[in-house]
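Presented below is the structure to which this report refers.
The values are calculated or read from the model by the stated rules, or taken from the named source; none is laboratory data. Quick caveat: nothing in here was measured; it's all calculated off a predicted structure. Every residue, glycine as well, gets a Cβ built from its backbone with ideal geometry; the counts of neighbours run over all protein chains shown. Note: areas computed on protein heavy atoms with side chains; ligands, DNA, RNA excluded. Shrake-Rupley method; radii C 1.70, N 1.55, O 1.52, S 1.80 Å.
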Amino acid sequence: MTFKIPLHRVSKLFQPIINISKTSNLPMQDVTSKSQKLMLELGIIHQATPGCFHFLPLGLKALDKLIKIVDSEMQTIGGQKMLFSELTNSRLWKMSGRLKDAGPELFTLKDRHNHHYILSPTYEEVASDLLSLNPPISYKHFPLKVYQISSKFRDETKPRYGLMRGREFLMKDMYSFDIDETSAKDTYNEICTSYDKIFDRIGIDYVKVLGDSGSIGGNLSHEYQFKAPIGEDCIITCNKCNFSANSEVCHEKKCPNCGEQENVLVQTGIEVGHTFLLGDKYSKPLKAFYLGKNAKPQVLQMGSYGLGLSRILAACVELLSTETDIAWPDVLAPYNVAIIPPKAGSKEEQVTKDVPENLYKLLEDSIPQLKDNVLLDDRLSLTIGRRYLDAKRTGYRYIVVINEKSSGEKPTFEMNDTKETDRLYLSQEE
Ligand code: ATP
Ligand code: MG
Ligand code: MG
Ligand code: MG
């Protein structure tokens, strides 16, 4: 079978499918969650070293889709995308006082001149330092919202669950700067609303809970949590007033909002995002100032907003998949449709020569969402059953099997919806 148009083809795809129990360079004890096992076995990611992973082509394609959603919501609220250098001078962390508190989670290094650096785990100091300009920027330029999507480094005590707790992971972090507390709070609420939209678009049930400010500090914080048995956080929900909080902020477990003791539900959650209203905790020591109407420098009010992108991807897989098959939210799946042509040498192959390619083109051209989202499994020496299994395990929602009925005057296509376990016979128009 030869193809006239460039296609996404399985035969050319770098997707090493492995069986972990038979792989000598990956100890079984390193595989601690369903999503990690499936993503490693189906060639979505590859472990570089414990807690650090390569994103293979399918993993990166899913990640890029998540990044697109995040970019569009961040830019809708006026977020300006940039990229900070990943090596941070330790001096900045000394100025904020965080260097001595951070402890062994911080990856540190020295250059040949004995200057000390850290591999940044987060960027509150760096973002504040960026605004310590002389002369400072005029009040007219605020609120300012800058964000980046980059690797963050944390030497976690227990890197585990694959991408969910890595030592190197991908985070979207936004920093907001305002001229007073009132407008900082408005900006905070606006960014929280955009987080709601991101999670609504992904389509996984989430809860926004009162969070613990932890080592980042500040006046107010919220966490976005996916409820899941594997989650490492404990969430308290009060059935009386509907308030939710991370148990870290609850005392005697009482509802921190209304004081209710009896009617409180405790569940585990995966923290997928965290927002902080910081006040001047970083902007003051790092001299992030603006020039006021009176032409005098005044300290900026700051917020910081993290989204664990690699964690979100793995958490979705963890929540949706079975033990054997990956399932993705439709908007994040690397491909949405797989087309499986008949095996080479079969009688079906004789009568369906151009059908797979024409169907591929038809789907891509007539359904805008399917552009670059259709995959053709052209490994024609393999049986349909074997290719069907690979497509299902990799999490392609729709699998179209081409058979003898798919040619001629009124062709029909066997269309399998793997999420609904439905098999439909559709005409070309349908
Ligand atoms: P956790 O409580 O899980 O250790 P954190 O509270 O230390 O997370 P933050 O400093 O709030 O994390 O970072 C913002 C986001 O980055 C988190 O909400 C999470 O989604 C993600 N994140 C944090 N640590 C990791 C990690 N080790 N691997 C993957 N994602 C992470
Ligand atoms: Mg942590
Ligand atoms: Mg946390
Ligand atoms: Mg947090």
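Here are a few things to note about the model shown:
- Filtering the range 178-222 to residues that are away from ligand 4 (no atom under 15 Å from the Cβ) and in contact with a helix residue (DSSP H, G or I) (Cβ under 8 Å, 6 or more places away or on another chain) leaves Asp178, Ile179, Ser194, Lys197, Ile198, Arg201, Ile202, Ile204.
- Taking the range 137-188 as the range and being farther than 30 Å from Pro229 by Cβ, among the basic types (Lys, Arg) and either within 16 Å of ligand 1 (Cβ to nearest atom) or surrounded by fewer than 16 Cβ atoms within 10 Å (Cβ to Cβ) (or both) as the test, only Lys140 passes.
- Residue match in the range 116-125 (condition: open to solvent by 90 Å² or more (accessible area, probe 1.4 Å), without any contact (Cβ under 8 Å) to a residue 40 or more places away in the chain and not in a loop (DSSP other than H, G, I, E, B)): yes
- Residues of the range 84-105 that are away from ligand 4 (no atom under 16 Å from the Cβ), under 23 Å from Arg165 (Cα atoms) and of a type in the set (A, V, I, L, M): Leu87, Leu99.
- Within the range 60-94, tally of residues that are in a strand (DSSP E or B) and either open to solvent by 80 Å² or more (accessible area, probe 1.4 Å) or not β-branched (Val, Ile, Thr) (or both): 4
- Within the range 208-226, being modelled with pLDDT of 90 or more and buried (at least 17 other Cβ atoms within 10 Å of the Cβ) holds for Val209, Leu210, Gly211, Ser221, His222, Glu223, Tyr224, Gln225, Phe226.
- When residues of the range 189-206 are limited to those that are open to solvent by 30 Å² or more (accessible area, probe 1.4 Å), outside any helix (DSSP H, G or I) and on the phi < 0 side of the Ramachandran plot, the one nearest to ligand 3 (Cβ to nearest atom): Tyr206
- Subset tally (residues that are part of a strand (DSSP E or B), open to solvent by 10 Å² or more (accessible area, probe 1.4 Å) and among the aliphatic types (A, V, I, L, M)) for the range 276-335: 3
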